[in-house]
Structures are given as structure tokens and as C-alpha cells.
Amino acid sequence: MNVIITEHARKRLRDYRQDKITVADIITATTGIPGRVPTATRFRGFFAKSGRMFDIVAKDISNGRLVITVIGK
């Protein structure tokens, strides 16, 4: 599955709240979501390799799965 991360989500990774969450963590979490996501939906409870918990907002588009934002815990 093709994962597209928006510029907004990439910018959020530089914030303190999303510290130690990597692009690889987001791709792993996003590809682990089963089924089809027709509307923007918040998925909770993912863990980065660093141990940091985070949520993602994603939806499926014609090119793949679009990650709209990342929310660190």
C-alpha cells in the first residue's frame, strides 16, 4: 500500500508533543490499518519504536492511504 504523508503531518513531527515519532513509525502504523477508510478517521493507540504513543488521522484516496495528521500523547 502506498502511504502519502501530508506536509502538515511532517511539520507536526518536529513539534515537542510528537518528539521521537518517525516517518517509519507512521508508515508501519498506517499499513497496519485493515480495510478501507473512505472518510478521514482518527486511529488511536499506536506506539513508536521509541515507546511514544500516538494517534493518526488517515483516509484512503485513489493513490493510496493519506495521513492527514499525527497526534502525540
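The values are calculated or read from the model by the stated rules, or taken from the named source; none is laboratory data. As the structure is a prediction and not an experimental result, all values here were calculated from the model. So basically every Cβ, Gly included, is an ideal-geometry build from the backbone, and we count neighbours across all protein chains shown.
In segment 26-49, the residues that are hydrophobic (A, V, I, L, M, F, W, C) reach residues that are assigned to a loop (DSSP other than H, G, I, E, B) with C-beta atoms within less than 7 angstrom, at least six apart or across chains, in these pairs: Phe43/Ile33; Ala48/Lys20; Ala48/Ile21; Ala48/Thr22. Comparison of Val67, Val23 shows that the only residue that is buried (at least 17 other Cβ atoms within 10 Å of the Cβ) and touching a strand residue (DSSP E or B) at 6+ places or on another chain (Cβ under 8 Å) is Val67. Per the listing Arg14, Arg10, Arg44, the residue uniquely surrounded by 11 or more Cβ atoms within 10 Å (Cβ to Cβ) and either of a type in the set (D, E, K, R) or at pLDDT below 95 (or both) is Arg10.
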